[in-house]
Amino acid sequence: MRLSQLFLKTTRDISKDEVSKNAQLLTKGGYVNQLMAGVYSYLPLGYRVLQKIERIICEEMDAMGGQELLLPALHPKENWLATGRWDGLDVLFKLKGAGDRDLALGATHEEVVTPLGMTVLQSYKDFPKAVYQIQTKFRNEARAKSGLLRGREFRMKDMYSFHTSQDDLDAFYERSIEAYVNVYRRCGLGDVTYLTYASGGTFSKYSHEFQTVTDSGEDLIYIVPGKGRVAINKEIIDDPEALASILPNYQPGDEKKLETAKAIEVGNIFKLGTKYSGAFDFEYTDKDGSRKVPVMGCYGLGPSRLMGTVAEVLSDEHGLVWPEEIAPYKVGLMCLRPGDEACKKAADEAYAALQKAGVEVLYDDSEASAGEKFAQMDLLGLPWQAVVGPKSAAEGKIEWKKRATGEKSVLLAGAWPF
RNA sequence: CGGGGCGUAGCGCAGCCUGGUAGCGCGUCUGCUUUGGGAGCAGAAAGUCGAAGGUUCGAAUCCUUUCGCCCCGACCA
C-alpha cells in the first residue's frame, strides 16, 4: 500500500485531557478514531491489526475444537428474563423495537447460545460441542475509560462449550488455557501475561483470568512464586482455603509476602455448570434413556482490548511497536527524496520486489521531509523500516531498521534482514 | 451514579476574571526555496465560540438550564 493512497492522517497533537497511552498512540497514529466515550472507529491500519488478532484467536479456537458461528446482537427480552439478567445485569443496553417490543443488545451470549444448543444437542451422542463467535458486544458501562480498554462497544470472542460430565468440561477447560496462552504469545504479550486464579461462582472452585502486567492496569494481581506466570486476583486473596490449594506449603499470612503487580484483564474463562442450561430447561437423553442437564463452560477474550493492551505495553517514547504477527504491515518503506529520479526508481523497485515476495509493505512515497517520514514511521510502529535515500540509492543499497530494537543494517537492494 | 476539570476553525489551544462581533500553533491550499530525524519565506481558505433560554444598546465573555468529553471514586461475566 502506498501511503499517499492510504486513508490516514497522523497527528502530532491530541487533547491534553486524554491520558490513556493506548488512546493517545492509536489516535495519533490514525489507527482509531473516537466517536463518543468508549466507542471507536477502526481505521484501515487499526482494522488490519484487529483482524490479525481475531485471526490468531480463531486459529487457536479452531485448533482446540471450537466451531465458529455468528449469533445475533439484537435479543428479545424473554431470553434475558429467563436467566434473571434482564434486571440483574446493570450494563445491559435495553431498547424498544417495532410494536413497542422490549429488546436488548448483546452484552454476552449465554441467553442466546443456550437455547440454540438445545435445538442441536439432544442425545449424549451429540456431545461434547464447543462453538464460538467474534462480534461486537455492547455494555452500558457507567464510565467508559482508558481508550480501548473499557468501552461501551467492543470486540469480543466468546466460546461456549457443552458437556455431559464435569470431567469432560474440566478437560476442555484445561485445553482452553493452552489455547489462550498461545494467543497471548503470538500477540507479543507472552512474557507478561499471567494465568490468574479468580473466584469461581456457583459451580466451580475457581475461574481464571488472564492478566497482562503493566503499570496502566486497573487490576491488582498477586504473583505466585515458582509456578511460572501464575497469579491470584484480589477476590480470593482473602480466602485461606483457596490459597492453601494454590500456594505450595501455604501458611496463614503467606499471602502478605506475595509480590503484587498492576495488570489488565485480557481474558476470562468460566465453568458455568448448569446455571444457564438449567435456566432454559436444557435436557438431553443419556445412554440409559434418562433426561439430564448438560454442563457448560464459557471462554471470553476481547480482541479490541487486547489491541489496546499491546499498544499500551509494547510502545516506547517514539510510538507504537507492533509484534510481527499483528502489525498492519511488516515493512515501512521510505523514499527520502521522491523528486530525485534515481532515488524514486530504487524505492519503486524495492516496493515491487517486496510485494512480489508477498511481504506486506507500506510505502511512504510522499513529498514530506525526511525527518517527518522517520518520525511518522516510528509512530506507526511497523516491525521493519526500509530507507532509500539518494546516497544509498546510488550505491544500490537499502538501510534497514528494526523498530523494536533500533538495530540498523545496510544491505544490498534485494537482500532483506528477515 | 457521586465529585472535579474542560467544550472557541479539521486537530491542539489562547481570549472569559474586567462585555464592544474572535486569535495563535499544527494541518489544508497556492507559489518559491529546501531535502538523512516532525524544513523556511510569502500568500490563502476555513469558526452558528457545544446547545437553549435570560440580563444588556451590545454576550465567546455575566446568569440559568441542558448535552458532551476527560479524570477520580463507586461499579465491572
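Residue check: A:Met61 meets all listed conditions (1) of a type outside the set (Asp, Glu); (2) within 15 Å of the chain's Cα centre (by Cα); (3) open to solvent by 60 Å² or more (accessible area, probe 1.4 Å) but one, namely (3).
Counting only strands (runs of 3 or more DSSP E) wholly contained in the range A:87-150, the ones carrying 1 or more residues that are of a type in the set (Val, Ile, Thr) and either farther than 28 Å from A:Val293 by Cα or within 14 Å of RNA strand B (Cβ to nearest atom) (or both) occupy A:129-138. Looking only at residues of the range A:200-222 that are hydrophobic (A, V, I, L, M, F, W, C) and surrounded by 19 or more Cβ atoms within 10 Å (Cβ to Cβ), we find that the one that is farthest from RNA strand B (Cβ to nearest atom) is A:Val213.
Here the range A:249-282 is the region considered, the condition is being under 22 Å from the mean Cα position of the chain (by Cα) and open to solvent by less than 30 Å² (accessible area, probe 1.4 Å), and the residue that is farthest from A:Ala130 (Cα to Cα) is A:Ala261.
Residues in the range A:291-317 that are open to solvent by 10 Å² or more (accessible area, probe 1.4 Å), touching a helix residue (DSSP H, G or I) at 6+ places or on another chain (Cβ under 8 Å) and within 16 Å of RNA strand B (Cβ to nearest atom): A:Val293, A:Val295, A:Cys298, A:Arg305, A:Glu312, A:Ser315. Scanning the range A:345-399 for residues that are hydrophobic (A, V, I, L, M, F, W, C), more than 8 Å from RNA strand B (Cβ to nearest atom) and either in contact with a strand residue (DSSP E or B) (Cβ under 8 Å, 6 or more places away or on another chain) or open to solvent by less than 30 Å² (accessible area, probe 1.4 Å) (or both) yields A:Ala346, A:Ala347, A:Ala350, A:Leu354, A:Val359, A:Val361, A:Leu362, A:Leu380, A:Leu382, A:Trp384, A:Ala386, A:Ile398. Only residues that are touching a Lys or Arg at 6+ places or on another chain (Cβ under 8 Å) and acidic (Asp, Glu) were counted across the range A:159-190, and they come to 1.
Do we have any residue at all in the range A:318-332 that's surrounded by 16 or more Cβ atoms within 10 Å (Cβ to Cβ), in a strand (DSSP E or B) and in contact with a strand residue (DSSP E or B) (Cβ under 7 Å, 6 or more places away or on another chain)? Looking through the range A:318-332, at least one residue is surrounded by 16 or more Cβ atoms within 10 Å (Cβ to Cβ), in a strand (DSSP E or B) and in contact with a strand residue (DSSP E or B) (Cβ under 7 Å, 6 or more places away or on another chain). Hey, does the range A:259-278 have a residue that's of a type in the set (Val, Ile, Thr), within 16 Å of RNA strand B (Cβ to nearest atom) and modelled with pLDDT under 95? So far as the range A:259-278 goes, yes, one or more of its residues are of a type in the set (Val, Ile, Thr), within 16 Å of RNA strand B (Cβ to nearest atom) and modelled with pLDDT under 95. Is there a residue being within 12 Å of RNA strand B (Cβ to nearest atom), farther than 30 Å from A:Asp288 by Cβ and surrounded by 16 or more Cβ atoms within 10 Å (Cβ to Cβ) anywhere in the range A:187-199? Yes, some residue in the range A:187-199 is within 12 Å of RNA strand B (Cβ to nearest atom), farther than 30 Å from A:Asp288 by Cβ and surrounded by 16 or more Cβ atoms within 10 Å (Cβ to Cβ).
The values are calculated or read from the model by the stated rules, or taken from the named source; none is laboratory data. Remember, it's a predicted structure, so these values are computed and weren't measured experimentally. Please note: Cβ atoms are built from the backbone with ideal geometry, for glycine as well, and neighbour counts cover all protein chains shown. Heads up: the accessible areas ignore ligands, DNA and RNA and are worked out on the full protein's heavy atoms, side chains in. Shrake-Rupley method; radii C 1.70, N 1.55, O 1.52, S 1.80 Å.
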